Amino acid sequence: MLTKIVRTVANQLIVFILIFGLYVIAHGHLTPGGGFQGGAVIVSGVAMLLVAFSSQELKKSLRERVLSIMESSGALIFITLAFIGIGTVFAYNFLVGTPIFGRIPPTGPNPGDFWTGGVVPLMNLAVGLKVVAGLSAVVLALALFAGGEEVEE
Amino acid sequence: MKRQVTGLIVLLVVVAFLVLGVLPPIMRDFGYPPSDMDDYIIENAQEETGNNNVVTSVVFDYRMFDTLGEATILFTAVTGVLLLLRASKRREESS
């Protein structure tokens, strides 16, 4: 555990890191980024908390079972969304033109409508969930192992 | 001494392999041989998938199967790390 200055700054900074990561994930179909990149941003915030506080402190709020469930549900949502469109072809974008995320933007430069993209925003969310949970579990497990602690069930 | 000489030979072989493998695509002119796929995706991605971000539309729509493999690699890596750390801890306890 580091000094009080570092802990206070990390406490304030994690809010902005989480907001930016969620922004990158949610706007994956409009701006550069996506599920993998936004998830990496959020996991960098988790690593910052791991440095500022000790791994034993962080273990109380990040349970490994919860992280496993989050990662598995992200993968399941991803594969389910890919299999729903199998009537046409595997991973068919079946939501384009429907009321859910179905608007079609004009070809060429445009201001960007969030309610577009079909199945892609949902897949970005699923992949973001998966990356956040998986990499957080890896970082936390490695830190606990280096400290001689057991990985909590 | 002998190990160093062997390492140097292996290093030279690997570097020669990489250089010979990488150079021919670089030595060609930029954009040749031309491909029709990228033009098609740039022109039709917004209309077909509704994404403004053409890269995301390629990753999550046109080449979705590769992304599935990527996610599987991540899943396998996480599972392996957690399994490995837990197993090594258990072995220390039993011995």
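The values are calculated or read from the model by the stated rules, or taken from the named source; none is laboratory data. Remember, it's a predicted structure, so these values are computed and weren't measured experimentally. Glycine also receives a Cβ, built like all others from the backbone with ideal geometry; neighbour counts cover every protein chain displayed.
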Only residues that are crowded, with 19+ Cβ neighbours inside 10 Å and either closer than 24 Å to A:Glu71 by Cα or more than 7 Å from chain B (Cβ to nearest Cβ) (or both): list them for segment A:84-121, please.
A:Ala91, A:Asn93, A:Leu95, A:Phe101, A:Gly117, A:Gly118, A:Val119, A:Val120, A:Pro121
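Can we say A:Val51 is closer than 22 Å to A:Ala141 by Cα, out of contact with any helix residue (DSSP H, G or I) (no Cβ under 6 Å at 6 or more places or on another chain) and either surrounded by fewer than 17 Cβ atoms within 10 Å (Cβ to Cβ) or aromatic (Phe, Trp, Tyr) (or both)?
yes
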Between A:Thr80, A:Thr88, A:Thr116, A:Thr31, which is over 30 Å from A:Ala143 (Cβ atoms), in contact with a Leu (Cβ under 9 Å, 6 or more places away or on another chain) and of a type in the set (Ser, Thr, Tyr)?
A:Thr116
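Can A:Val132 be described as closer than 22 Å to A:Thr31 by Cα and more than 8 Å from chain B (Cβ to nearest Cβ)?
Details: closer than 22 Å to A:Thr31 by Cα: yes; more than 8 Å from chain B (Cβ to nearest Cβ): yes.
Yes.
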Looking for whichever is hydroxyl-bearing (Ser, Thr, Tyr) and farther than 25 Å from B:Phe75 by Cα here; the options are A:Thr80, A:Thr107. Which one fits?
A:Thr107
Give just the number: which of (1) without any contact (Cβ under 8 Å) to a residue 12 or more places away in the chain; (2) over 22 Å from the mean Cα position of the chain (by Cα) does A:Ile104 not satisfy?
(1)
A:Gly39 being on the phi > 0 side of the Ramachandran plot and either within 13 Å of another protein chain (Cβ to nearest Cβ) or under 10 Å from the mean Cα position of the chain (by Cα) (or both)
no
Where in segment A:1-96 are the helices (runs of 4 or more DSSP H), entirely inside, with at least 1 residues that are within 30 Å of A:Asn110 (Cα to Cα) and modelled with pLDDT under 95?
A:4-26, A:35-52, A:64-84
Single condition A:Leu30 does not satisfy, out of (1) within 14 Å of the chain's Cα centre (by Cα); (2) facing another protein chain (nearest Cβ under 8 Å):
(1)
Where in segment B:1-90 are the helices (runs of 4 or more DSSP H), entirely inside, with at least 3 residues that are exposed (fewer than 13 other Cβ atoms within 10 Å of the Cβ) and free of Cβ contacts under 8 Å to residues at least 40 places away in the same chain?
B:2-27, B:37-49
Taking the residues in segment A:56-83 that are among the charged types (D, E, K, R) and more than 7 Å from chain B (Cβ to nearest Cβ) as candidates, determine which candidate is farthest from A:Val120 (Cα to Cα).
A:Glu57
